[in-house]
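Here's the structure we're looking at; comments come further down.
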Amino acid sequence: MPKRIAAAAAAFLACIAPATADPTGSFDLALVLAVDCSGSVDGGEYRLQVDGIAAAFRDPEVVSAALSGPNRRIAVILMTWGDPDEQKFTTGWFAIDSAAATENFAATSERFDQRSGGGTGIGIAIGYGITLIETAGFTASRKVIDVSGDGTESWELREPRFLLPNAQAMRAARGVIVNGLAIRTDVPDLDRYYRDNVIGGPGAFAIGIGIDNYSDYRAAIKAKLLREIRPLLASSQP
């Protein structure tokens, strides 16, 4: 990334960075769940995303995986993103260190309904997710951003324009992994776009899914979370 763009992007991201997170200490994983709420995502699609996350975190297998690492805990935050020039919203960080804490995050996720609409700002969403991790008041052995969305990246009006190539450079420099869940409602081969442009880092992966069946979507969310909590490092994405 050119130094001028990097410096400008860093300054912009610093302006929108949240306050220091409540959790402290060491975690096995810092996981940002970045949920698309752009204009192409209707209310039903949005509810599928957040309800699927809530259901997955209530699953005993996911709870067990979250508590099975050396530190016996992970840190999770839900972030909604949409238009690249609009505000991002978060639940704040949650320390997942017990079944009760997991239920607390699940309940917060299914009630969360702060959205921006507009275009599809994937690059700036990833940049913001990295900033959430970088400004958190804890350390984590692994840092992962999980992007779910139903479209390709939109153009950004605000200077400096922070797009997917900038986000990939920032991701690589910070040692962050980006995975994707491509919702194939408007773009049939969106999972290919995610693999080519969105994901990155060791073991990164993208899953493509329709939204015809809630149980199928919930199963996909669970499988994705298990791969992120217990990564399959045999495959990698540079």
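List of remarks:
- Complete set of residues in the stretch 198-224 that are in a helix (DSSP H, G or I), in contact with a strand residue (DSSP E or B) (Cβ under 8 Å, 6 or more places away or on another chain) and modelled with pLDDT under 95: ASP216, TYR217, ALA220, ILE221, ALA223, LYS224
- Flag for SER148 being out of contact with any helix residue (DSSP H, G or I) (no Cβ under 7 Å at 6 or more places or on another chain), among the hydroxyl-bearing types (Ser, Thr, Tyr) and either part of a strand (DSSP E or B) or at positive phi (or both): no
- Filtering the stretch 171-220 to residues that are surrounded by fewer than 21 Cβ atoms within 10 Å (Cβ to Cβ) and either at positive phi or among the basic types (Lys, Arg) (or both) leaves ARG174, GLY175, ARG184, ARG192, ARG195, GLY203, ARG218.
- Scan of the stretch 82-109 for residues that are part of a helix (DSSP H, G or I) and closer than 12 Å to VAL35 by Cβ, ordered by number: SER109
The values are calculated or read from the model by the stated rules, or taken from the named source; none is laboratory data. Quick caveat: nothing in here was measured; it's all calculated off a predicted structure. Cβ atoms come from the backbone with ideal geometry, glycine included; neighbour counts cover every protein chain shown.
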